[in-house]
Amino acid sequence: MKKILYSLLICASATAFAQKNPNVRFAVSNNAVGTVSMFDANKKYVQSVNVFKTKANIPQNLKKYDFLADNGLTEVKFKKDSDVLDKLLLSNYNIQHNLPENNPVYIDGYEFKDSSMMIFADIIGSTKVDMVNGQKVLTITTLKK
């Protein structure tokens, strides 16, 4: 009986870590992922904002980010010479946490399978290495604004 309960506890904890945060709204700018709240805090650098409410409305150039569009997806364009926010490759962040560079990364429960994607450093609230589906992965929680 203990083995069954232990197995259920492990599955439940893995599932809990992989839960998508329904409150996060992702935004993309210059091929890097951020959050809408992060861009709202940096409005002085923003030239334009396009909101796509459904996955079907996402233009071809943003299709690789459609897995983030549960709550819609926002495209942000910066003013000229205003690319002031730091970006980082997920693969480099994996390496910093002593994980294989091609490991997936979870951000607020969303699995980023492609570690060559870039994110804005300003979205990172906290990081930790967790076991998800039997694999050590980096999990990032975004800043709450």
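Summary table below
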| quantity | calculated |
| --- | --- |
| Scope the stretch 37-57; condition modelled with pLDDT under 90 and of a type in the set (A, V, I, L, M); matching residues | Met38, Ala41, Val46, Ala56 |
| Residues within the stretch 97-123 that are among the β-branched types (Val, Ile, Thr) and assigned to a helix (DSSP H, G or I), tallied | 1 |
| Residue count, the stretch 43-78 (criterion: in a helix (DSSP H, G or I), closer than 15 Å to Ser29 by Cα and in contact with a strand residue (DSSP E or B) (Cβ under 9 Å, 6 or more places away or on another chain)) | 6 |
| Selected residue (only one of Ile107, Ile124, Ile119, Ile95 is among the β-branched types (Val, Ile, Thr), free of Cβ contacts under 8 Å to residues at least 40 places away in the same chain and crowded, with 16+ Cβ neighbours inside 10 Å) | Ile124 |
| Tally of residues being touching a Gly at 6+ places or on another chain (Cβ under 8 Å), of a type outside the set (Gly, Ala, Ser) and over 15 Å from Tyr106 (Cβ atoms) across the stretch 20-39 | 2 |
| Residue list for the stretch 124-145, restricted to those being assigned to a strand (DSSP E or B) and among the aliphatic types (A, V, I, L, M) | Ile124, Val129, Met131, Val132, Val137, Leu138, Ile140 |
| Pair list, Cβ under 9 Å, 6 or more apart: the stretch 55-70 residue β-branched (Val, Ile, Thr), other residue surrounded by 14 or more Cβ atoms within 10 Å (Cβ to Cβ) and part of a helix (DSSP H, G or I) | Ile58/Tyr65; Ile58/Asp66 |
| Selection status of Val84, assigned to a strand (DSSP E or B) and more than 11 Å from the chain's Cα centre (by Cα) | no |
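This table checks each residue for (1) of a type outside the set (A, V, I, L, M); (2) surrounded by 13 or more Cβ atoms within 10 Å (Cβ to Cβ).
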position	(1), (2)
Thr54	yes, no
Asn102	yes, no
Val129	no, yes
Thr141	yes, yes
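The values are calculated or read from the model by the stated rules, or taken from the named source; none is laboratory data. This is a predicted model, so every value here is computed, not measured. No Cβ is skipped: glycine too gets one built from the backbone with ideal geometry, and neighbour counts run over all protein chains shown.
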